[in-house]
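Asker: The structure that follows is given in the form of structure tokens.
Every number in this text was worked out from the coordinates using simple rules, so none of it is lab data. Computed from a predicted model, the values in this text were never measured in an experiment. As a convention, Cβ positions derive from the backbone with ideal geometry for all residues, glycine included, and neighbour counts pool all protein chains shown.
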Amino acid sequence: QLQFVESGGGLVQPGGSLRLSCLASGSRFTIYAMGWYRQAPGKQRELVASMTSSGIRNYADSVKGRFTISRDNAKNTVYLQMNSLKLEDTAVYYCNSPPQALVPWGQGTQVTVSS
């Protein structure tokens with residue numbers, strides 16, 4: 001059974017950058033597609049970036065060109081590099097395995113973009 005622990009969030013000014021990390025515990029991490037989700041106050045959780053086990057990446061239109069997902073299978077870790085951050089990127093960010101996201105959700109990591 002996989003479990004995820006997210007880290008790397010924080011407070012950043014508009015235009016700034018952050019890199020989020022998601023450490024997966026459990027076996028067979030490499031076979032799973034992985035994704036980063038976010039949930040802003042009063043909004044539904046949405047998938048913003050995903051990466052298949054073979055390395056195919058997909059992004060939500062709202063983050064395309066600014067966010068990059070990557071994974072290091074040797075470290076059981078998935079990353080989300082976020083550049084040119086905007087106010088509307090403020091949310092709690094979670095990782096999970098799309099599309100069903102059946103792994104229990106971790107606590108997430110808060111990203112706040114504010115001037």
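Asker: For the stretch 1-100, which GluC sites (Glu not before Pro) pass both filters: DSSP loop (anything but H, G, I, E, B) and at most 10 other C-beta atoms within 10 Å?
Answerer: none
Asker: Given Cα pairs under 8 Å that are at least 6 residues apart, what percent is the relative contact order of the chain?
Answerer: Numbers: 271 pairs, mean separation 42.5, N = 115.
Taking the mean separation of contacting Cα pairs over the length of the chain, I get 37 percent.
Asker: If you wrap a convex hull around the C-alpha atoms of the chain and split its volume per residue, what is the figure in Å³?
Answerer: Details: hull volume 10.4 nm³, N = 115.
Hull volume over Cα atoms, normalised by residue count, gives 91 Å³.
Asker: Related question: Leaving out same-chain residues fewer than 8 places away, which lysines sit with a Cα under 23 Å from that of K86?
Answerer: Straight-line reach from K86, under 23 Å: K43, K64.
Asker: If packing is taken as the mean number of other Cβ atoms within 10 Å per residue, what is the order of 89-100, 8-19, 32-43, highest first?
Answerer: 89-100, 32-43, 8-19
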